There are 4 protein chains.
Amino acid sequence: MGTNTMGRRIQLGLIGGGPGSVIGETHRIAARLDGHYDIVAAALSSNAERARQAAADLFIAPERAYASWRQMLDTEAARTDRIDAVAIMTPNDSHHAICMLALERGFHVICDKPLANDLAQARDIAARVKATQAEFCVTYCYSGFPMVRQARDMIRAGELGEIRQVHLQYVQSYLAHRDLPAGWRTEAGRAGSSLVLMDIGTHAFHLGAFVTGMDVMRLCADVGSAIPGRTIDDYVSALLRYENGARGSLWVTNAAAGSEHGLSFRVHGDKGGLEWHQEEPNRLIHRRQDAFEQIITRRLGPATSEGAQRSTRIAIGHPEGYLEAFANLYTEFAQRVAARMGGCPVDDSPTLFPGVSDGVKGLAFVAASVKSMATGGWQDVERV
Amino acid sequence: MGTNTMGRRIQLGLIGGGPGSVIGETHRIAARLDGHYDIVAAALSSNAERARQAAADLFIAPERAYASWRQMLDTEAARTDRIDAVAIMTPNDSHHAICMLALERGFHVICDKPLANDLAQARDIAARVKATQAEFCVTYCYSGFPMVRQARDMIRAGELGEIRQVHLQYVQSYLAHRDLPAGWRTEAGRAGSSLVLMDIGTHAFHLGAFVTGMDVMRLCADVGSAIPGRTIDDYVSALLRYENGARGSLWVTNAAAGSEHGLSFRVHGDKGGLEWHQEEPNRLIHRRQDAFEQIITRRLGPATSEGAQRSTRIAIGHPEGYLEAFANLYTEFAQRVAARMGGCPVDDSPTLFPGVSDGVKGLAFVAASVKSMATGGWQDVERV
Amino acid sequence: MGTNTMGRRIQLGLIGGGPGSVIGETHRIAARLDGHYDIVAAALSSNAERARQAAADLFIAPERAYASWRQMLDTEAARTDRIDAVAIMTPNDSHHAICMLALERGFHVICDKPLANDLAQARDIAARVKATQAEFCVTYCYSGFPMVRQARDMIRAGELGEIRQVHLQYVQSYLAHRDLPAGWRTEAGRAGSSLVLMDIGTHAFHLGAFVTGMDVMRLCADVGSAIPGRTIDDYVSALLRYENGARGSLWVTNAAAGSEHGLSFRVHGDKGGLEWHQEEPNRLIHRRQDAFEQIITRRLGPATSEGAQRSTRIAIGHPEGYLEAFANLYTEFAQRVAARMGGCPVDDSPTLFPGVSDGVKGLAFVAASVKSMATGGWQDVERV
Amino acid sequence: MGTNTMGRRIQLGLIGGGPGSVIGETHRIAARLDGHYDIVAAALSSNAERARQAAADLFIAPERAYASWRQMLDTEAARTDRIDAVAIMTPNDSHHAICMLALERGFHVICDKPLANDLAQARDIAARVKATQAEFCVTYCYSGFPMVRQARDMIRAGELGEIRQVHLQYVQSYLAHRDLPAGWRTEAGRAGSSLVLMDIGTHAFHLGAFVTGMDVMRLCADVGSAIPGRTIDDYVSALLRYENGARGSLWVTNAAAGSEHGLSFRVHGDKGGLEWHQEEPNRLIHRRQDAFEQIITRRLGPATSEGAQRSTRIAIGHPEGYLEAFANLYTEFAQRVAARMGGCPVDDSPTLFPGVSDGVKGLAFVAASVKSMATGGWQDVERV
């Protein structure tokens, strides 16, 4: 997955993702996998002792193990060997404050999704990104899978013809038990206006936009809970209308008992359709109107698209998974940052990794869905 | 698949389904498969010569090869060896007239779906069925699959807990080409108020009701065409609310290029979920909240439900298909008719085969969907 | 599935397959499905009362319900409305005697597999078929599936290039429990020299020959039991060498606990490979060396082969199964018999349904496998 | 994936795997993924300039970028900050010499498979491992998949009962084209006595031994080429007999046109069977004799085995792949080395990662197969 001509790895600081955090471990593996980063600073926990121990486990120097993100951003900004970038994996309600300061201190930023707790916060961050010209990545990680990029490339190349129908699903069982798990997601307000929309709805929404290259203009949503008496949203189903008039629908829930991961898309154009399931990420089903169904895989022989190949480390049927997809965002971000820092030529094409505007669009989707539920009818999605 | 004690097969007359008709061949195979019927009369075409030749190909006696269904119903009613039942497989807009006369002449009736061209016609037929006490079957044939019945039995037995979410799909490519195929379906008015709703929407709707045992109370539908400029509906996506408060959604289209058959359901309750696809009908996916996913098949060893077993002819992994499912309706109808005619004890349990009220419900769904599209919001589904 | 110009259906007599017989019900459905036969005579059981009742259940006239196959063959031969053909579904050790008399009495014959109890008997039957010029079908029923015929047609057309590798499996669990089920199959001698080879091994062997069009010349087999202490063979694995030098292998067992049906083939030639599984019979996996994997199905749009289309009743993704495959043999046999009896033009091409020489080849495979096991090395397969 | 109490990462030197090497990139990612290693020295190419540039791309200090493995082993052995371990990914015919010197110089060793070019070399290395007490890993990487370990744990726990049947496959298309690709694998002698056996046969063989915990005692093999005129072996099919009397078979080829990766196992015991395919590594098919088929996955809810959990980084249906499996060996090796070097308590249980005796067994399998082909019959596999 390439190298850079800075003569050194990018120096990365972590905010959040301490002991027991799944997403923290994911970000760290993603940073390590292709060898583009040294993780040299961290604010892993607001508990000083836990922060120190967790940093030691990562072989981070004690003086760069911080107990607060403010302290880390301020201290690192003053070091001569300061970090180049920060990766943020804290609860949603802290993203805005951390992003704003990190950008102000001159760091490039990788921020977990959703970008912020509401649309206004998201627009605020976007404005500062524009002002600082920093590199910014929102980890809508599923866009990093080779076969997702294959789908995007095929659609852009017109292999499906004009897109006519889109169907998105993200059907999980995380909240299927009547008793809610403890954690910030299920605390009032911390996850934003609607848990299911913020937590996984924005993933599905971004995936649809990423592969089709189209924005949703209007929607009519049924948002609520599948579990009687529950006050937190765990279900959304929506009718969608895309900018070109294409119709779509979406079924997202984290309360479908027995389900596993369940993220998928299915897109149809004039000439055929594509279907992809995250549980079997290395297969892309290509339904063709005038030929038999084709299974596109990362294999010897027939060529996958340029975007798929760039996102693949090994071939001949060796499966890659979620961590490699996540690492693709990190690696592409590293390449941009290294280019920006003078290491190698800047690639002028838009980034494949999701940027701040994708983050804003996610919050616009959440806002429109909530409004549609309140009014019982179709709503426009605010343009970004 | 049993026998009867009438000492003879049920004498069946066919209306429609002449040369080149796929559905005609399907009905005939369904009637023959288990040996419960003799096909002895037919009005296969309104062209007298074609009707005669088609009947001869079926080894029907020349004097019982009719060129009109009115003639057949009137003439057969007067014969001492008259037919016991008629099977109707004509275009939608003729169902009402044929059913009304067939019932009046004292025949039991098998009618292809949808029952009629609109809700008023359907209610009219239902009233006459009630008045005549005839046996009546609407061939929502997908309810005949063993694994569909397995799903229904499991849900009735509470194996999923209370049902919370339902998702129905019927995604075909029949009308994906810009040019519409010729035929009565695409002639204005002949298929009813909305082609996609009448032709395949009612199938998906019935399947959801059959397996869950629940009716849809309200819905919000997006009905129209996926192909710009087309005036015939080929797309419907809907948000559903069931009688117990469960949420559902539905995606039905015959214009998704590259698709094959595409009928499926996915249902989730408190304890787990079930998923079934018509293309692989002998597998029922059982997702369990506290155990691994299970694939229920018609095999040696573990027992399938009583309803599945009754609907299965062979086991040990030998696949059955669409024709066997269709034949299950014919065989169950034959058993009721034979019982009614004094052959064997009447089974008092509700029929497994879809009856006239299922037919009426289908048209109520169509009416509510069309109304929802016109108003842009939620509509009640008229109760049957 | 066509008609005939005899002006009547073929008159069929059944031998064996009485109450409780799965294979009996299968043959009867196969005979009825396409409407080419009237089942008018039967020797369903050697118990006179059971034979009478079983025949009555099939609406067979009492005077044609026979308690012995000899009586049936002799009596029917003398009737003016005599049966045209007999279908034999008795235990293996009776096939030879019944076939020989049926042929002598001038009937066309459908015989279940394996053709006989040993190679000598099989050759004896083949000689009489040749002498009488009767039509003869051995029900290697899996060759009736549309996708099996698609594979055969593709290979004959060179779409895989020269065939290089063949792998056959038939992995069941029927005898996986230590206690053997009762029945003639597990009685010494009645199933022939090796239960697993006779019962399912010959099916897998025929399937390989049918799709490749090639005979096995030599083999090295491991035959025995997977269950310690069992004297009946339930396992065979073999190395195969085909006439063109292609290599093959075979794994056949009815003692693999948990297995379902498990019949499959996988064939590779210079350009690609094909794989088919009986449990999902409507899909043929086509692996292509220079293109993505393709799933061949019976669908709208791309055309299946002539042999697949001839074997298909309904399309658009409606699955057909085992009974339709079995019925394909019956229907093709009916067309030959009708042609022979003057009804319609005789098709001079070799029959698609397996004939007596296929039956002989099956027994030659059994003989070579048993000999290989005894000697511990490679053996020639006797040529037919 | 844990940490260690050495207070630093393990210092690793690489031998082979330079520019363009797929296996080199795989080893490096595996070393980086969990953060247990610093790659600080390398002999990546025998071309000095290429070795220097490749090392620079990995941010290795110039003075530790070696142009020869002998130089690296000698020089590093003398450094105070010497490497702890070496990872060898050179052509097969160099493994013996490099392993012997690395062990002599006191390094722990990770060596790619097969261990050596013949059985004698392999035994030689094993003797030196025993003498030096070094940690030694042979990268039979497929044993690192969580679901492979799940299978192993289930079998050890008796969940399948006594194992009765084993079927192994590794069916690739790498050599399906008549023209052989260039490279050391296809140069006479460099890959050992039989390319297909050395290259992928040993993988399949180890996988069978790993999951069943049983050794093969005797075998009868058909080894050769599927491509006429080719002198390099690309096909092996074998009949196997395990130590407990269980029967097995194996089909391994790299010349099946159109195939992808194709490594799989299927194992049956008294109570059921397990099947796994490397292309879909996160699913383990569990066929149960008295219950429905179960799909075991790394998901929320039902617990996977201890071995599977230890080998999993993320759950909830997020797929892991080949690189994570490979990294599992590296991480487990790191934990042993760190323990040995005083960092944390030594785990006395046998290593999960394959050791030198697994490497020797692989060569014994190759030797027995070649001998069986020469004699045309069964051969004993030499015991290790």
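The values are calculated or read from the model by the stated rules, or taken from the named source; none is laboratory data. Just so you know, these numbers come straight off a predicted model, no measurement behind them. Backbone-built Cβ (ideal geometry, glycine too); neighbour counts: all protein chains shown. All accessible areas refer to the heavy atoms of the entire protein, side chains included, with ligands and DNA or RNA removed. Shrake-Rupley method; radii C 1.70, N 1.55, O 1.52, S 1.80 Å.
Before moving on, here are some points about what is shown:
- Residues in the stretch D:253-295 that are touching a Pro at 6+ places or on another chain (Cβ under 8 Å) and not acidic (Asp, Glu): D:Gln278, D:Pro281, D:Asn282, D:Arg288, D:Ala291, D:Phe292.
- For C:Asp215, the conditions (1) within 21 Å of the chain's Cα centre (by Cα); (2) farther than 23 Å from C:Val148 by Cα; (3) of a type outside the set (Lys, Arg) all hold with the exception of (2).
- Search result, residues across the stretch B:157-194 that are among the charged types (D, E, K, R) and touching a helix residue (DSSP H, G or I) at 6+ places or on another chain (Cβ under 8 Å): B:Arg185, B:Arg190
- Count of residues meeting criterion [open to solvent by 20 Å² or more (accessible area, probe 1.4 Å) and touching a Ser or Thr at 6+ places or on another chain (Cβ under 8 Å)] in the stretch A:28-55: 1
- Of the residues making up the stretch C:188-208, those that are touching a Ser or Thr at 6+ places or on another chain (Cβ under 9 Å), among the small types (Gly, Ala, Ser) and modelled with pLDDT of 95 or more are C:Gly201, C:Ala204.
- Residue list for the stretch C:1-16, filter: at pLDDT below 95 and open to solvent by less than 20 Å² (accessible area, probe 1.4 Å): C:Asn4
- Selection status of C:Leu101, farther than 27 Å from B:Ile316 by Cβ, in contact (Cβ under 8 Å) with a residue 12 or more places away in the chain and either out of contact with any strand residue (DSSP E or B) (no Cβ under 8 Å at 6 or more places or on another chain) or aromatic (Phe, Trp, Tyr) (or both): yes
- Residue in the stretch B:228-242 that is farthest from the other protein chains (Cβ to nearest Cβ), counting only those that are modelled with pLDDT of 95 or more and over 22 Å from the mean Cα position of the chain (by Cα): B:Arg241
- The stretch A:265-297, residues that are at the interface with chain B (Cβ under 8 Å from one of its Cβ atoms), outside any strand (DSSP E or B) and of a type in the set (D, E, K, R): A:Asp270, A:Lys271
- Odd one out for D:Ala367, checked against (1) assigned by TED's automatic domain parsing to the domain that holds D:Ile200; (2) open to solvent by 10 Å² or more (accessible area, probe 1.4 Å); (3) out of contact with any helix residue (DSSP H, G or I) (no Cβ under 7 Å at 6 or more places or on another chain): (3)
- Residue match in the stretch A:24-31 (condition: among the aliphatic types (A, V, I, L, M) and modelled with pLDDT under 95): no
- Residue among A:Val171, A:Val223, A:Val166 that is over 19 Å from the mean Cα position of the chain (by Cα), closer than 30 Å to A:Thr297 by Cβ and either within 14 Å of chain B (Cβ to nearest Cβ) or of a type in the set (Ser, Thr, Tyr) (or both): A:Val166
- When residues of the stretch B:298-308 are limited to those that are away from chain C (no Cβ under 14 Å) and assigned to a loop (DSSP other than H, G, I, E, B), the one most open to solvent (accessible area, probe 1.4 Å): B:Ala303
- Test: B:Asp358 is under 23 Å from B:Gln165 (Cβ atoms) and in contact with a helix residue (DSSP H, G or I) (Cβ under 7 Å, 6 or more places away or on another chain): yes
- Tally of residues being under 21 Å from D:His95 (Cα atoms) and part of a loop (DSSP other than H, G, I, E, B) across the stretch D:194-217: 1
- Evaluating B:Ser259 against the criteria (1) surrounded by fewer than 23 Cβ atoms within 10 Å (Cβ to Cβ); (2) facing another protein chain (nearest Cβ under 9 Å) leaves one unmet condition, (1).
- Condition check for D:Val211: β-branched (Val, Ile, Thr), open to solvent by less than 30 Å² (accessible area, probe 1.4 Å) and under 30 Å from C:Phe292 (Cα atoms): no
Every residue, every condition in (1) of a type outside the set (Val, Ile, Thr); (2) modelled with pLDDT under 95; (3) assigned by TED's automatic domain parsing to the domain that holds A:Gly158, yes or no:
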site	(1), (2), (3)
A:His177	yes, yes, yes
A:Ala182	yes, yes, yes
A:Thr186	no, yes, yes
A:Gly245	yes, no, yes
A:Trp251	yes, no, yes
